[in-house]
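Data first, discussion second: the structure below is written as structure tokens.
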Amino acid sequence: MAITFTLNGGRQTVDVHPQTPLLWVLRDTLGMTGTKFGCGMALCGACTVHLNGSAIRACITPIASVAGKSVTSIEGLSADTTHPVQQAWMEEDVPQCGYCQSGQLMAAASLLAKTAKPTDADIDEAMRGNICRCGTYSQIRRAIHRAAEIKSSGVKA
Amino acid sequence: MSVNRRDFLRTGAGLFIGLMLPESSRLAAQGRGRGGPALNPNAYIHVGTDDSVTFLITKAEMGQGTVTSLSQLLAEELDCDWKKVRTEFAPVDPALYGQQGVYGSQSIRSSWAPLRQAGAAGRAMLVEAAAQKWGVDKAQLQTDNGFVVNPASGARLSYGSLAEAASKLPVPAGVPLKDPKQFRIIGKSVKRLDTRAKVNGTAQFGLDAKVPGMVFAVVARCPVFGGKVASFDPTKAKAVPGVKTVVQVPSGVAVIGENTWAAMQGRKALEIRWDEGPVANVNSAGISKMFAEYAEQPGAVAKKSGDFEQAFAGAAKKVNAVYEAPYQSHSPMEPMNCTAVVRADSCEIWAPTQMQAGGRSAAAQLTGLKPEQVKLNTLFLGGGFGRRSSVDYLSEAVEVAKTMPGTPVKLTWSREDDMQHDLYRPASYVKFSGAVDAEGWPVALSAKVACPSFFGGRPGAVDSTAVEGIHTLEYTIPNMYVDWRKADPGIPTTFWRAVGYTQNTFFAEAFLDELAAAGGKDPVELRRKLLGNSPRLLAVLNRAAEKANWGKPAAGRHQGVAVVNNIGSFTAMVAEVSVDKGKLKVHRVVCAVDCGHIVNPAIITQQIESGIVYALSASTKGAITIDKGRVQQGNFNNYDVLRIDEMPKIDVHIVETENTPGGIGEASVPPLAPAVANAIFAATGKRLRKLPIRQEDLV
């Protein structure tokens, strides 16, 4: 079944089973592998993308439910790796293995879109669903605070 | 990052001549390299005529920072411009690189000398080329950040402009290395080279391999360890939309689809009857009972000093205790996966593996090809932690690919597959007896260990991974006895970050606290007294105690301490906790580490934090339990791990010494659990002798 949606600003049509999760459409059908598979049950956050601007778990989102909507994946967060969270992540050298970081960045970007200056409690609330087995949590927290500064100052690297 | 070196040679002809030997000389280099990494700059360094510098990274990157830290070793001695450094993963070539694998926190330890020598040889060749060009004595020349400089004339030539001439020179041997006092790249917190790709989605992990024409596979495996397929009916699976085919493989039944989800749906519909085998009778309570019985029996002796029996019999105060640790899953964020294509005369693999050379050998064996007919592409690992030191998932992908020659197959394990078909950190059990003298100082310690073995040698010998952390204790206790009895309940086990130390340091350091309490000693004071023969461990203990303000915790908090010497490094840790109405909170962890010469302080700090988080998950969160031969956990809902809101404040203090570098990736895992358990004792008076720490144990 052909399903049309907007992906990173461009129109995208795919012909897959309507129950196929967005995650596997992105990864296997479209070859957009920046979005990661971690658990398949919305338990780890590795597959976090934005649907109409809000963070969702692509692994439990049937492709049929995104028809006509707008999806942003890590590849579309910025054209040149200059989104404030990406700048901050680079300043803090957050990633270790890096596998969970696409999801962490997408969750953090969604938090900052809604809360310009998040507190530690806001960060706990928004980010506790994103697991990192390398233990980069302290750096993630610092980077989110830094990204808020970058965003409010309007500076682009 | 995945350009093969030989491809690189071909496509780069005339452009990237650089420090690349022609093939004939390369064969000679291979001869020199046999038995260990070659002292050959060409194996590690390409200097392009455009001044680019590309380093070939021989060790897989699983987060531990090898791409960056190994580059620092090369760049320091090559004296190139750090800003121009690019990296690629090296091809698998044991003749050139020795045994390529990442385990035992060995990457810096095994690369410290050869990579610096390679960098120094490369620099010497560039200097020689400049000396010939200028017609001056090379001894007059210096290098400066990617240039050869003649201080007498002020002349400068960039490395790129000298690369072609340098490539024609012989590789010098025994080039002197820099005095560490001159280091400008080693020892500095340079930014990681892999960060950008990991924040914009372009980093290619194993699961991201893209091969034209590839199909997607999952495998149904017997839920009971050691079980086999008795029979299966593929009809319903084949009827699922998107399923292409169903085939039996040695590990189970593979379902192949046009995407991973279709294959997973097909697997759900598959009808399989399993022959579960004898492990179907195994459960965790039975394993525990088995270990307890074995610990009562004589085992293989790992350590015997003085006369434990006599000292124990005559001691002033005695303590007996039993400690236990469960199986643990590795659960890296990237589930196991591998992409493979098998042809009549070749095999190509894209894998996130800690064992590049071992993976290639396994594929050669399974396909009947020669190792050199197997091309293994190294991609980033989404975590390893020891799980990817086994190549079972790689072999499984090759087996599936063998059923469809010429078609690339991407095999993906679901999280449940990953958690229920892991090779686990062994469960373990120890029976301690210890005694203190009339002054309260420990005089006798006995540990009888029972646990599985995965690293065993000859029968009757001790598997060092079963007892390390106990028989390796550096404390001066005059009468010690450690033995081990192998207990094998049939659950597969393997290396898990920090290996035997992960449970044994908990056992030993918590029991030592019991001896301290029995003798009325402060835990830090006791350790100081017993570490007279271990100055490096004593130094980190003192640093951690000082920085944690030992003995004066914040109001309502309590402290615990532990130390470990593993992987050639020395680590001390103080945990500060509170226990409020049965709820444990780890507020702060102070860690001091001596890993000898420092390559990148920021990466060391990352790794220390990483180990603490990994150990906190295993100590206070999930455990793998067995019922009817099956793992009862399947995903992060019933095998929970530490989250951002549970993160303690971590203070890392690096105690720099001039010693040969030690490892770092596994340094901070072992002391976390005992430091926390000892702090809980300080808070509650309860001794927690079984991991993980559960809320019900604290009430």
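The single condition among (1) of a type in the set (A, V, I, L, M); (2) in contact with a Ser or Thr (Cβ under 9 Å, 6 or more places away or on another chain); (3) more than 14 Å from chain A (Cβ to nearest Cβ) that B:Ala682 does not satisfy is (2).
Has the range B:667-687 got at least one residue that is assigned to a loop (DSSP other than H, G, I, E, B) and either more than 29 Å from B:Ala517 (Cβ to Cβ) or assigned by TED's automatic domain parsing to the domain that holds B:Lys188 (or both)?
From the range B:667-687, those assigned to a loop (DSSP other than H, G, I, E, B) are B:667-671, B:685-687; that's our starting set.
Add one more test, that the residue is either more than 29 Å from B:Ala517 (Cβ to Cβ) or assigned by TED's automatic domain parsing to the domain that holds B:Lys188 (or both), and what stays is none.
There is no residue in the range B:667-687 that is assigned to a loop (DSSP other than H, G, I, E, B) and either more than 29 Å from B:Ala517 (Cβ to Cβ) or assigned by TED's automatic domain parsing to the domain that holds B:Lys188 (or both).
Here B:Ala13, B:Ala29, B:Ala60 are screened, and the one residue that is small (Gly, Ala, Ser), more than 25 Å from the chain's Cα centre (by Cα) and either closer than 24 Å to B:Leu376 by Cβ or at pLDDT 50 or above (or both) is B:Ala29.
Evaluated against (1) within 7 Å of another protein chain (Cβ to nearest Cβ); (2) closer than 24 Å to B:Met214 by Cβ, A:Cys59 falls short on exactly one condition, (1).
Hey, among the residues in the range A:63-74 that are more than 9 Å from the chain's Cα centre (by Cα) and outside any loop (DSSP other than H, G, I, E, B), which one's farthest from A:Ser153 (Cα to Cα)?
Filtering the range A:63-74 down to residues more than 9 Å from the chain's Cα centre (by Cα) leaves A:63-71.
Remaining after also requiring outside any loop (DSSP other than H, G, I, E, B): A:63-66, A:70-71.
Working: A:Ile63: 37, A:Ala64: 39, A:Ser65: 37, A:Val66: 34, A:Ser70: 28, A:Val71: 27 Å.
Within the range A:63-74, the match that is farthest from A:Ser153 (Cα to Cα) is A:Ala64.
Applying the condition of being modelled with pLDDT of 95 or more, touching a Pro at 6+ places or on another chain (Cβ under 8 Å) and surrounded by fewer than 16 Cβ atoms within 10 Å (Cβ to Cβ) to the range A:1-39 and asking which residue is nearest to the other protein chains (Cβ to nearest Cβ) yields A:Gln19.
Taking the range B:683-699, which residues are surrounded by 13 or more Cβ atoms within 10 Å (Cβ to Cβ) and at pLDDT 95 or above? So that I can check it myself, show each step before the final result.
First pass over the range B:683-699, keeping only residues surrounded by 13 or more Cβ atoms within 10 Å (Cβ to Cβ): B:683-684, B:686-694, B:697-698.
Result: B:Ala683, B:Thr684, B:Lys686, B:Arg687, B:Leu688, B:Arg689, B:Lys690, B:Leu691, B:Pro692, B:Ile693.
Candidates in the range B:462-479 are the residues that are over 19 Å from B:Gly104 (Cβ atoms) and hydrophobic (A, V, I, L, M, F, W, C); of these, the one that is surrounded by the most Cβ atoms within 10 Å (Cβ to Cβ) is B:Leu473.
Note on the range B:308-393: enclosed strands (runs of 3 or more DSSP E) holding 1 or more residues that are more than 30 Å from B:Leu691 (Cβ to Cβ) and touching a residue at least 40 places away in the same chain (Cβ under 8 Å) are B:337-342, B:347-351, B:374-378.
Selection over the range B:342-373 of residues that are away from every other protein chain (no Cβ under 14 Å), among the β-branched types (Val, Ile, Thr) and buried (at least 24 other Cβ atoms within 10 Å of the Cβ) gives a count of 2.
Restricting to the range A:41-52, count the residues that are surrounded by fewer than 24 Cβ atoms within 10 Å (Cβ to Cβ), within 7 Å of chain B (Cβ to nearest Cβ) and of a type in the set (Gly, Ala, Ser).
Kept after step one, since they are surrounded by fewer than 24 Cβ atoms within 10 Å (Cβ to Cβ), are these residues of the range A:41-52: A:41-43, A:50-52.
Subset that is within 7 Å of chain B (Cβ to nearest Cβ): A:41, A:43.
Next, from what is left, pick out any that are of a type in the set (Gly, Ala, Ser): none.
Qualifying residue count, the range A:41-52: 0.
Regarding the range B:481-490, can at least one residue be identified that is surrounded by 20 or more Cβ atoms within 10 Å (Cβ to Cβ), in contact with a Gly (Cβ under 7 Å, 6 or more places away or on another chain), modelled with pLDDT of 95 or more and within 29 Å of B:Ile680 (Cα to Cα)? Within the range B:481-490, one or more residues are surrounded by 20 or more Cβ atoms within 10 Å (Cβ to Cβ), in contact with a Gly (Cβ under 7 Å, 6 or more places away or on another chain), modelled with pLDDT of 95 or more and within 29 Å of B:Ile680 (Cα to Cα). Checking the range A:86-103 against the condition returns a match, with at least one residue being out of contact with any Pro (no Cβ under 7 Å at 6 or more places or on another chain), in the same structural domain as A:Ala143 (by TED's automatic domain parsing), in contact (Cβ under 8 Å) with a residue 60 or more places away in the chain and not in a helix (DSSP H, G or I). B:Asn635 passes every criterion in (1) within 14 Å of another protein chain (Cβ to nearest Cβ); (2) within 25 Å of A:Asp120 (Cβ to Cβ); (3) touching a residue at least 60 places away in the same chain (Cβ under 8 Å) apart from (2).
Residue-by-condition table, conditions (1) more than 8 Å from chain B (Cβ to nearest Cβ); (2) buried (at least 18 other Cβ atoms within 10 Å of the Cβ); (3) not aromatic (Phe, Trp, Tyr):
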| site | (1), (2), (3) |
| --- | --- |
| A:Ser54 | yes, no, yes |
| A:Ala67 | yes, no, yes |
| A:Leu111 | yes, yes, yes |
| A:Ala116 | yes, no, yes |
| A:Asp122 | yes, no, yes |
| A:Ile140 | no, yes, yes |
| A:Ile150 | yes, yes, yes |
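Filter the range B:587-615 down to the residues that are farther than 26 Å from B:Leu530 by Cβ and not polar (S, T, N, Q) and list them by number.
Within the range B:587-615, the first condition is being farther than 26 Å from B:Leu530 by Cβ, and the residues that meet it are B:587, B:597-607, B:609-610, B:613-614.
Answer for the range B:587-615, where residues must be farther than 26 Å from B:Leu530 by Cβ and not polar (S, T, N, Q): B:His587, B:His597, B:Ile598, B:Val599, B:Pro601, B:Ala602, B:Ile603, B:Ile604, B:Glu609, B:Val613, B:Tyr614.
What do you reckon, is A:Asp80 surrounded by fewer than 20 Cβ atoms within 10 Å (Cβ to Cβ), facing chain B (nearest Cβ under 10 Å) and closer than 17 Å to B:Ala203 by Cβ? So A:Asp80 passes the test. Within the range B:570-627, which residues are within 14 Å of chain A (Cβ to nearest Cβ) and among the small types (Gly, Ala, Ser)? Passing the criteria: B:Ala602, B:Ser610, B:Gly611, B:Ala615, B:Ser617, B:Ala618, B:Ser619, B:Gly622. In summary, B:Ala427 fulfils each of the numbered conditions (1) within 22 Å of the chain's Cα centre (by Cα); (2) within 30 Å of A:Lys36 (Cα to Cα) with the single exception of condition (2).
The values are calculated or read from the model by the stated rules, or taken from the named source; none is laboratory data. Since the model is a prediction, treat every value here as computed from it, not as a measurement. Backbone-built Cβ (ideal geometry, glycine too); neighbour counts: all protein chains shown.
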